[in-house]
Structure formats: C-alpha cells, structure tokens
Amino acid sequence: MQDGTQILGYLSKISILYVEDDKFTQDEVRYFLETKVKNFYCANNGQEGLDIFYKESIDVIITDIQMPILTGLEMAKKIKEENSSIPIIITTAYNDTKYLFESINLGVSNYITKPLNLKDMIETLASIAKSILLEKEKEQIQNILTQYKDIVDDRSIISKTDINGKIIYVNKPFLEISGYKKEELIGKPHSIIRHPDTNKEFFLSMWHLIKNEKKSWQGEVKNQAKDGTTYYLDMIIKPILDIDGNIVEFISLSNDITYLTQTKEYFKKQTEKKSFD
C-alpha cells in the first residue's frame, strides 16, 4: 500500500476526465479529486465526455455506464478507437455481468460499483497514475537518448558489431571515410578496413580485452579505405552487456585524426632529415 505523500504526488501530475450524470455523485467526486490532480474535467454524459476528450489532454477517464445521449461504454468504445492505451475506470450501480464482460472486452482498466468508496478509488487512480508517469519517464529518457545519439552520429564515426565481430551497424561518417557502401560492410568483420601494415597481434590483443575481459579498449588505429587511402582514427571500443553481464554487442566510436597524424609524421621526417644533414 502506498503512503499518502506518494499517492498525492502521483495524482498531482495527471489529468482526469470524470463522466457522471448524477449531480450528487458528480459533486462528491469533484470535491474529493479536483484539488488533488493536475486537471479535473467533468461531463454530464458520454457525448460531453467525448467532446472533452478530443479537446483536452486526458490521462485517465472515470465514467458511469448508464447515461443519456451516449452511454459510458459507447463513449469508451469510441475513445479506445482513438487511443487504445488510455486507462478507463467504469463506475456503475449495476451488478450485471453483461456490463462487466463488455467493459473487459473494451479493455477498461478497472470496474467500481456504487456507492463509490472514494478511498479505494483514489488508490486505484494512484496506481494507474504511477504506471502512466513511469511510461512518460521512459519515453522522455528514450527521447533524450535519441537526441544524444543524433548528436554523436553527426560528429563521430560509429560502428556496431555482433558478439562474433561481424558488422551490424555503421553510420554515415563511417561510410564516408571508408568509401564503402552500407551493404558492403554489414555482415563483414572489421578486417575489411584493416591496413596491411597493422600487426595482426594488435587486433588479437584488442579482441581479447573487449571480449574475454569485457573491458573497453582505446587507442589509435590505422585503416585503409576502399580506394586504398590510408586514414587514422582515435577509437574507443566498448562491449555492451545485458543485465546478467553477457555481451550483447560491441560499439566503437572514433574521431578522424588523419590530418593530425600525417602532420606529426611529416615533422618527424623533417627532424630526422635535418639530423642527417
């Protein structure tokens, strides 16, 4: 059972639509909930509720079944056609299993009989609100991560390989510097871009570190593009682990340091040349 502070915290962040044609019950629930939630909208029948749903941003719907113009179940059906995941709580004075089964078939979240137990209602709402907020938080995190990925993708050379070292993803900068097309790289090992001058033991040591020891490797790598051009990368490779510590894939993130490396080599040769003069 959640404590009062948690319940109020969850409720304060959601918007509720309450649909009820009985004025006394409507006023009772309004008085009890209106100050506890972010937004509280009230409707006298299913059609009014539907109109509010289309106009406002609603998180949870509480509705009676038997109402004029449009019943609660008719309204719920139309709403579920627009948003199948929105939580709907049905309230009714009727204990008819026909309504219960119809409600279940519509995918309602809960079914409460009248007279309403407001304590039970608020705990049900808090539980639903918690799930809604966790889902929103998950979406927000995913949105932020997507933006981070976009920024990194724009500025860095990125590739991913499976646990056997076969390439499963490359970004645009990777394609541009290597000169290969995506279909020429996917499913191939990274040796496709390995420079002939690079010692094989260098990569065996790297592979041992990231696969057997499950540690990150960082350093400079000399590669060869499809047209034979040499390029240099400052690279970090990291094994991605699942919650059990098993490797799922490897990801490498690199920056092009070709110009810097070639400049260093040029001045090194110039220095060596002068020492022999």
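If you take just the helices (runs of 4 or more DSSP H) that sit entirely in the range 115-193, which of them hold at least 2 residues that are among the polar types (S, T, N, Q)?
118-155
Matching residues to (1) touching a Phe, Trp or Tyr at 6+ places or on another chain (Cβ under 6 Å); (2) surrounded by 12 or more Cβ atoms within 10 Å (Cβ to Cβ); (3) of a type in the set (Val, Ile, Thr); (4) within 18 Å of LYS160 (Cα to Cα):
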position: ASN199; (1), (2), (3), (4): no, no, no, no
position: GLU213; (1), (2), (3), (4): no, no, no, no
position: GLN224; (1), (2), (3), (4): no, yes, no, no
position: ILE251; (1), (2), (3), (4): no, yes, yes, yes
position: ILE257; (1), (2), (3), (4): yes, yes, yes, no
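Quick one: how many residues across the range 9-28 are surrounded by 14 or more Cβ atoms within 10 Å (Cβ to Cβ), without any contact (Cβ under 8 Å) to a residue 40 or more places away in the chain and either on the phi > 0 side of the Ramachandran plot or out of contact with any strand residue (DSSP E or B) (no Cβ under 8 Å at 6 or more places or on another chain) (or both)?
Qualifying residue count, the range 9-28: 1.
For every residue, the table says whether it meets (1) open to solvent by 70 Å² or more (accessible area, probe 1.4 Å); (2) in a loop (DSSP other than H, G, I, E, B); (3) at pLDDT 90 or above; (4) of a type in the set (Lys, Arg).
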{"position": "ILE7", "(1), (2), (3), (4)": "no, no, no, no"}
{"position": "ARG30", "(1), (2), (3), (4)": "yes, no, yes, yes"}
{"position": "LYS36", "(1), (2), (3), (4)": "no, yes, yes, yes"}
{"position": "GLY49", "(1), (2), (3), (4)": "no, no, yes, no"}
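For the range 109-124: of the residues being hydrophobic (A, V, I, L, M, F, W, C) and more than 32 Å from the chain's Cα centre (by Cα), which is surrounded by the most Cβ atoms within 10 Å (Cβ to Cβ)?
That would be LEU116.
Which of the following residues is more than 28 Å from the chain's Cα centre (by Cα) and either of a type in the set (Ser, Thr, Tyr) or on the phi > 0 side of the Ramachandran plot (or both): SER127, SER191?
Sole residue among the options that is more than 28 Å from the chain's Cα centre (by Cα) and either of a type in the set (Ser, Thr, Tyr) or on the phi > 0 side of the Ramachandran plot (or both): SER191.
Looking at MET67, MET75, which is the one that is touching a residue at least 40 places away in the same chain (Cβ under 8 Å), aliphatic (A, V, I, L, M) and open to solvent by 10 Å² or more (accessible area, probe 1.4 Å)?
MET67
Quick check: anything in the range 199-208 closer than 14 Å to THR258 by Cα and either assigned to a strand (DSSP E or B) or out of contact with any helix residue (DSSP H, G or I) (no Cβ under 6 Å at 6 or more places or on another chain) (or both)?
Checked the range 199-208: no residue is closer than 14 Å to THR258 by Cα and either assigned to a strand (DSSP E or B) or out of contact with any helix residue (DSSP H, G or I) (no Cβ under 6 Å at 6 or more places or on another chain) (or both).
The values are calculated or read from the model by the stated rules, or taken from the named source; none is laboratory data. From a predicted model like this one, the values you see are computed outputs, not experimental measurements. Heads up, the Cβs are rebuilt from the backbone with ideal geometry, glycines too, and the neighbour counts pull from every protein chain shown. Surface accessibility is based on the protein's heavy atoms, side chains included, excluding ligands, DNA and RNA. Shrake-Rupley method; radii C 1.70, N 1.55, O 1.52, S 1.80 Å.
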